[in-house]
Structures are given as structure tokens and as C-alpha cells.
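The values are calculated or read from the model by the stated rules, or taken from the named source; none is laboratory data. Nothing here was measured: the structure is a model prediction, and the numbers come from that model. Heads up, the Cβs are rebuilt from the backbone with ideal geometry, glycines too, and the neighbour counts pull from every protein chain shown. Just so you know, the surface numbers come from the protein's heavy atoms only, side chains and all, with ligands and any DNA or RNA stripped out. Shrake-Rupley method; radii C 1.70, N 1.55, O 1.52, S 1.80 Å.
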Amino acid sequence: MQKLLTALYFRFTLLTPAWSWATVILLLLFAVYFAQDFKLDASADALVLESDQDLRYYRAIRARYGSDDFLVVTYRPQGDLFAKETLADITNLRGKLQKLERVASVTSLLDVPLIDSPRMTLSELQQEIRTLETPDMDTELARREFRDSPLYRNLLVSPDGHTTAMLVNLRHNSDYQTLLTRRDALWEKRLHNPLSAEEINELSLLSGKIKNQNEVLQAQQKNDIATVRDILQQHRQQATIHLGGVPMISADMVDFIRSDIRVFGLGVGLFLIVLLATAFKQLRWVLVPMLICVSTAVMMVGFLGLMDWPVTVVSSNFISLMLILTLSLVVHLIVRHQELHVNAPEGKQGDMLRETVRSKIAPSIYTSLTTIVAFASLIVSGIRPVMDFGWMMVVGVSLAFVLVFLLFPALLIGLQPGTPIFRKHDATAVITRFFARIVTGFPKGTLLVYVLLVVLGVVGISRLTVENRFIDYFKDSTEIHQGMLLIDRELGGTTPLDVVLEPPKVFFEAEEEATTETAGTETAGTDSEDFFDDLLMEDLEQEDAGLSGSSYWYNIFQLRQVEQVHAYLEALPETGKVLSLATTMAMMTQLNKDEPLDNLSLAVMHKNLPADVKTTLFDPYLSEEGNQIRFAVRVIDSDKNLQRDALIKKIRAELIAKFKLEPEQVHLSGMLVLYNNVLQSLFRSQILTLSVVFLAIMLMLLLLFQSLKFALIGVVPTMVAATSILGLMGWLGIPLDIMTITIAAITIGIGVDNSIHYIHRFREEFAKDGNGNAAAQRCHASVGRALYYTSVTITLGFSILALSNFIPSIYFGLLTGIAMIVALVANLTLLPVLLVRFNWKLNAA
């Protein structure tokens, strides 16, 4: 069977190469057609854990108290913020934004009710809601109110009174939210019980609909952001303006992904051309490899389009990786072909190609499989973009292997062998001979150096953290970074955290019992205030059932605790602006002439507040039935001392301990929690991916070499490289993130390729004379060159990622490049030292 397949392969590639060309051309045409469906994704769904229970709660809270699908426009005028010309420009800007089709409303300092400019009573507020646009408004009093108001200070206007924020609310897509809610419910059910056939089919349909809706929303969002930016540009002569908000970050991330794909692809492509021309000095050794690399990349893009598989910021470097990994396979074939040509200058092209493929097919299969295993290990991370990246590269490496061994012989069979270019005294030979001298001259010193390197790496790993500031993901020059920094410093913080409190269990039990009592029992023994309160509540029941006597929080006794919790949250050094029912009570106290509120006053005010004011003061912080309250906390993301996980645990623990709350009463939600969940999963993901890739590669090496000793030796150099790079991150204070957790697994998967090629050749050379040192010298002069070329290619190719606007991509490229260099040096020094020092009986491959 093997002979038959080999004969068919050589017939297809060497005897009738036109069939190979035709097959590839046909596949390329299909790929180009489907490439038009190639998509990018930077939605929130692409950056969360696959099965995060907090995500569903987050969406429920968002649906109840309001979405975070809004844009924030910060406006800092050249002159006085409250000058007539400045207010006129803000009015003009607001009007332009309000006219946009997808903008539901715009909230600015012009629109919010002012109750202290001068001080108003509840009856006056019922008659007229005064704003900054009210005729004869005293702007100095308004300036003071914005500066001192518990609601507006550090939210709409900065403490220095020079910067204001404008909230641009986008229209809510209720159909999309309904689809998400139903899908999440099925996901949650799947975690505990198997789904029925109907539910599996429904989940598949829902996923498709969500994907389609997401594509439409992303296109709309992109256009909206572009239009908003055009409008803002018209006002930048009058003020310093920044745009922020989740939709803007998502839209800019898509632009970053698109830019990275373009820059990485072109940058790596140009670099590979220069490298091939420099290393091999012949046009054929530039054109043939690049044709294979480009064909692989185009087919992969077409495949992703065909499968409707969007690329995220994590997988945005897949084209550059495809080019690099494809070329690394081709380089091994080129070096082997040139080695054969030097040894037999008059040899026939067909014979050399047959021998090249014969000698390299087995190690190439295993090196491709180890690389596939490395990327496949990312699937266990549980982080959706990392999992997708793993699957993409599994397909991509498989495709690269097939095309390399299909096109390399088929393209070269029609060309004469040419002039041998294998030189013994070029720079590459000098470098590989230098490492060979280290192997034979300093074996003990070599082992000692690597032992120290591993020790330093382990210590560095113990210093690794997962705490990332989101703002640090972006360069200082980007609008995302500048806008977040400004909002953090002047407008109360960027990252939202919701603290939600429920009533204790006994409240619901008492409420149940109360419904069975008679009206006489209910009123017996009440004082006059409770009596009038109950009477008032009865009067309000029809119109205002949401805050009837059954409300747990909306009474003077519980509101005292609300104010204490609010003060606690506001006093935390990591938090900025805090809004809650306590803020509402402070505003209502002003309406009550600064007199303390009682239950009767609370009921009267809630009934008589204008609807617009009630929407602003109550709806974001109190549920409709009055039994759930929300504290809207803004966290300072740019705080270098911010420890998200510690902050979340601290808030929860201290709310329970200090305020005598039951654990079931306290819930924390918001983007801070979701982002922290991703970060905290990184350690687990790193351990899982490394364990999977190590065990899988060990098994593959065992199958390849039929020796546990060889398998153990083969994995040592790349494990040293992975340990070293993770340790370096720890020593430099570079935290793990969704990009850098992939480095170690990729380092092992790609680095072990060189180990396989070296061991495979070492066994052949050792079989000639049984001399380990001599075998190592010959390996360095032959396969060592290929190792050097491929490692330099991979290292410099990864360094192209330094051109990204996304800081994790920069770290990923540079650190992976360093890891590849460490792996190369280890494979040319540590690996042969181990092979020679442990003088086991070696059999030729």
C-alpha cells in the first residue's frame, strides 16, 4: 500500500506535474472567489470565556438597567466651558449627532435638569424642568452646580470645570439581545445536561442568526463611528475632542485587525523575499518558495471565507504565521536538495527531487504534526479567540504541508539543477561550526549554563501575573488610549463595575406571610407615620405599584445602609465615580430644602417627580419592584496599582462582613468582572495548553524514534526555550494575556521541529562510524544550516508583529522570536551534547 501511494505521488508530481499545477490553480480560483466572504470580528462575544456564567447575569443586568452601547465624547474647549460661544458650539455638535439615524439620544450638560441654579422645590420642578438652555439661566450658578452636584460632578463635568462629556446612546437591537439570551440559556443547560436533538438544532440556528446579526451590526457600527468622527472633526478647532465607548473600541479593533493582516502579510512577504535572495542567491529559490507560500495564504483566506470563520485580534497574525511556517518546510527541502547537488553536481533533477522528498517526508510529517499539536493545544484554553486561533492554524499547517510537498517537486521538475550554491565558508557555516565547537569542547559547561537558565526561568515563572491594564493594550498615539486616559483622569473612570444587592431571604418569606394576613392585622400597632405611609401607598398602588409597600430598599431605614455602601465604594482608591440610589437621595434632599427625608416624603416625591427626572434618578439604580438596587461604579483602569481580582474579592468580602449582608445578596457584574474572568483563566489555560502539547509531542516522538530516551531528549531543548521565555516575562513584569499565553505552546510545537530534523539526521550520521562528536559535526554542517535558516526566518518574521497597534501582538511577536532563537541555540548545543554524552546504542533511521 505504501509503495502504491509513493508511486502515485511521484507520478502526480514528477511525471505529470501539469496535473499538480492544474489542481492548485483550480483550488486557488475557488479560494479567491470565497475570499470575498472573509470577515473580521472584534465584538465582545469574541473576547470572553466560552462558558462564563457571569456573562448571562451581565446581560440580564444590562437589559434591566440600560445597555453600555453608547459613545462618550469628551470636549475640552480652548476657552471657558460655560462661555456663550462654547455652549453654542456644543449645541451645534449635539444637534448634528442627534440627526444620525442610529442615535437614539444625546445627553450633554445642556440637557440635564438643574435643581440648584437656583435651588428649586418639588412643586417648582413639577411646573418646569430647568436646564442650561433655559432662558435667563445663571451660568455661574450652573457652573457651581455641575462642580458640586453629587450626580454631575466628575461625570458630566470634570472637577476643574474645563472638560465635559457627551453621552451618545445608540439604538438598541432588541432582536439581537433576544437571540443572545436564548443561546446563552441553551449553553448553560448544555453545561449540566445533554441537549435534545431539537435543542441542538435550535442552538445551531441561533448561532447562525447571531453571526449574521453581528455582521450587520458591525457594518452599521463602523459607519456610525466614521460618521461621528467626521462630525467631531468639524469642531476640533474650537476644542480638544476625544471619542470613547465600547462601540468605538470594537470598531477600532476591527481596523487594527485589518491593518495588522495587511502589514504583517506584506511585511513578512517582503522580508522572506530578501532572506531567500540573500541565503540562496538564485531566482528560482525566491520564486518557487514564495509561490508556494502565497498559494497557501490565499487558500487559507478562501477557506475561512467559505467556512464563515471570522478572524479576531488574536488570530490577525495568521497570514504571517502561514507564510513563516510554510517557508520553514520549504527551506528544509531546499537545503537538502542543494546538499545532494553539491555531492553529485552532474546528478539528474528528478533523482535529486526523489531523494529530497524521500529523506525529508518522514521528519516533515512529524514536524508538521508537532506544530499542529501545539496549536491544537490552544483549543483547551476555554477562551474563544484563542480556541479559534488554534483551530485555524491546525487547518493552516495541514494545508501548508500538502502544498509544499505537492508544489515543490512539481515546480522544480521542469527546471535544470543549475549551479550548486552550497558553500562551506559563508556566514551560516561559520555560525554552525561555532556551535559545533562548543558541543565538542565544552559539554559540561554547556549543561551547566542550561541548568542555570532553567533555574532562572522557573524563578521568573513564579513571578508571572495576569493583571493587565486594558489601556496598555494600545499605543499612546491611539484614540482609544488617549480617550480612556482622559476619562480616567477627569471624568470618573472608564471600566464599569456593577454592584447589585438583593433583599435577604427572610424578606421574601415575610412578604409571603404578609399576603395571608388581614388588613386589620397589617395595620395593628403601627405608628402614625407608618399609617399615613400605608395610606399613601394604597393610593399609589394603581399608578406606582413598582414602589409599593413591598419594596425592600425604598424606605428610610434601608436607604441609610445604601448610603453607607455608596460611601464605602466611593472611598476605594481604585474607584472613580459611583452612582446609586444614594445619589438620588442626595438630589431629593436638595428638593426637600435640605430637610431629612422620611418614608412619607419618599413616597410623595417618587409619585410627583416628572417622568424625565424619575428616569434619570431612579431607573438606573432601582428595579421596577423596588427589591434590587444597583451601584454603578467606574474603576480607574489607568491606575498602575489596580489588581482586578483582588478588588472584586475585597468588595464582595467587605460588603458581607461590614454591612451584615448575606452572600446571596451580593452580586458583582460589568465589564470589569468579565475581563477579570478571562485574565484569571489564563493561568489555568497556560497549564492546560502546556500539558497537552508536552504529552502529545512526547507521544509523537516516541512513535517516531521508537525510544523513550530519544523522546525525552528531543523535547528538552524546546522545554528549556519555553521555560526561559516565560521566566523572562516574569522577570520583566510582562503579564500573561490572551496573546502571550500562546507563546509557550507555539515555541514547543515549532521548536521541536528542529529537534526532530536534527535527531533524524544525527541517527543517520552516527550509524556511519559510531562517533557521536563526528556525527554532531556533520549534522551542524548539513541539517544545522536548515535549522539556522528556518529559525532566523521564523524569528525575523515574528518581529514584523512589532508594527502592530495592539501591544499584546507586539509582545507576542518579539517574545516568540526570542523563544525561537533560544530554541535554535539549544538545538545546536544542548541537544547534541545530550545525544553524545548519553552514549546509548543508536540505530539509523
Filter result (modelled with pLDDT under 85 and crowded, with 20+ Cβ neighbours inside 10 Å) within the range 701-717: L704, F705, F710
Test for L272: is it part of a helix (DSSP H, G or I), under 29 Å from R785 (Cα atoms) and open to solvent by 50 Å² or more (accessible area, probe 1.4 Å): no
Filter result (within 14 Å of A745 (Cα to Cα), in contact with a Gly (Cβ under 9 Å, 6 or more places away or on another chain) and of a type in the set (G, A, S)) within the range 679-695: S685
Where D308 falls short, out of the listed (1) part of a helix (DSSP H, G or I); (2) under 20 Å from K39 (Cα atoms): (1)
Subset tally (residues that are assigned to a helix (DSSP H, G or I) and touching a residue at least 40 places away in the same chain (Cβ under 8 Å)) for the range 454-484: 16
Residue list for the range 118-141, filter: open to solvent by less than 50 Å² (accessible area, probe 1.4 Å), closer than 19 Å to N608 by Cα and not in a loop (DSSP other than H, G, I, E, B): L122, L125
Filtered residues of the range 63-102 (kept if polar (S, T, N, Q) and part of a strand (DSSP E or B)): T74
Residue among L447, L501, L540, L464 that alone is at pLDDT 55 or above, within 30 Å of M605 (Cα to Cα), among the aliphatic types (A, V, I, L, M) and surrounded by 12 or more Cβ atoms within 10 Å (Cβ to Cβ): L501
Filter result for the condition that a residue is farther than 20 Å from T494 by Cα, of a type outside the set (V, I, T), under 35 Å from the mean Cα position of the chain (by Cα) and open to solvent by less than 60 Å² (accessible area, probe 1.4 Å), over L206, L156: L206
Residue match in the range 100-117 (condition: open to solvent by 40 Å² or more (accessible area, probe 1.4 Å), more than 30 Å from V633 (Cβ to Cβ) and among the basic types (K, R)): no
Neighbours by Cβ (under 9 Å, 6+ apart or cross-chain): first from the range 737-753, under 11 Å from V373 (Cα atoms) and modelled with pLDDT under 85; second open to solvent by 10 Å² or more (accessible area, probe 1.4 Å) and hydroxyl-bearing (S, T, Y): I750/S328
Condition check for G265: open to solvent by less than 20 Å² (accessible area, probe 1.4 Å), over 24 Å from Y789 (Cβ atoms), small (G, A, S) and assigned to a helix (DSSP H, G or I): no
Residue satisfying condition, being of a type in the set (V, I, T) and in a loop (DSSP other than H, G, I, E, B), within set V342, V330, V301, V313: V313
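One line per residue, one yes/no per condition, for (1) open to solvent by less than 30 Å² (accessible area, probe 1.4 Å); (2) touching a strand residue (DSSP E or B) at 6+ places or on another chain (Cβ under 6 Å); (3) assigned to a helix (DSSP H, G or I):
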{"residue": "H667", "(1), (2), (3)": "no, yes, no"}
{"residue": "V673", "(1), (2), (3)": "yes, no, yes"}
{"residue": "L679", "(1), (2), (3)": "yes, no, yes"}
{"residue": "L728", "(1), (2), (3)": "no, no, yes"}
Single match in I750, I746, I818, I794 (criterion: under 14 Å from T718 (Cβ atoms), open to solvent by 20 Å² or more (accessible area, probe 1.4 Å) and within 32 Å of the chain's Cα centre (by Cα)): I818
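So that you can scan it fast, the table gives a plain yes or no per residue for (1) under 19 Å from T296 (Cβ atoms); (2) at pLDDT below 85; (3) of a type in the set (V, I, T); (4) under 42 Å from the mean Cα position of the chain (by Cα):
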{"residue": "E346", "(1), (2), (3), (4)": "no, yes, no, no"}
{"residue": "R358", "(1), (2), (3), (4)": "no, no, no, no"}
{"residue": "T371", "(1), (2), (3), (4)": "yes, no, yes, yes"}
{"residue": "S381", "(1), (2), (3), (4)": "no, yes, no, yes"}
{"residue": "G390", "(1), (2), (3), (4)": "yes, no, no, yes"}
{"residue": "L403", "(1), (2), (3), (4)": "yes, no, no, yes"}
{"residue": "L415", "(1), (2), (3), (4)": "no, no, no, no"}
{"residue": "G418", "(1), (2), (3), (4)": "no, yes, no, no"}
Residue check for L704: more than 24 Å from S580 (Cβ to Cβ) and not hydroxyl-bearing (S, T, Y): yes
Boolean, F434 is surrounded by 14 or more Cβ atoms within 10 Å (Cβ to Cβ), at pLDDT below 95 and farther than 30 Å from N677 by Cα: no
Of all residues making up the range 605-661, the number that are open to solvent by 10 Å² or more (accessible area, probe 1.4 Å) and aromatic (F, W, Y): 2
Residues that are crowded, with 16+ Cβ neighbours inside 10 Å and over 14 Å from the mean Cα position of the chain (by Cα), drawn from the range 467-478: T478
Qualifying residue in the range 83-94 (condition: within 38 Å of the chain's Cα centre (by Cα) and among the aliphatic types (A, V, I, L, M)): yes
Complete set of residues in the range 98-138 that are polar (S, T, N, Q), over 30 Å from T227 (Cβ atoms) and modelled with pLDDT of 90 or more: T134
Selection from the range 763-791 of residues that are surrounded by fewer than 24 Cβ atoms within 10 Å (Cβ to Cβ) and in contact with a Leu (Cβ under 6 Å, 6 or more places away or on another chain): R763, F766
Neighbours by Cβ (under 9 Å, 6+ apart or cross-chain): first from the range 284-297, open to solvent by 10 Å² or more (accessible area, probe 1.4 Å); second outside any helix (DSSP H, G or I): R284/L415; R284/G418; V288/L415
Residue within the range 370-377 that is of a type outside the set (F, W, Y), open to solvent by 10 Å² or more (accessible area, probe 1.4 Å), more than 22 Å from F762 (Cα to Cα) and in contact with a Pro (Cβ under 6 Å, 6 or more places away or on another chain) present: no
Cβ pairs under 7 Å, 6+ apart, first in the range 441-453 and hydrophobic (A, V, I, L, M, F, W, C), second surrounded by 11 or more Cβ atoms within 10 Å (Cβ to Cβ): L447/V833; L453/V720; L453/S724
The range 206-244, residues that are among the hydrophobic types (A, V, I, L, M, F, W, C) and part of a helix (DSSP H, G or I): L206, I210, V216, L217, A219, I225, A226, V228, I231, L232
Filter result (in a helix (DSSP H, G or I) and surrounded by fewer than 19 Cβ atoms within 10 Å (Cβ to Cβ)) within the range 345-358: Q349, G350, D351, R354, E355, R358
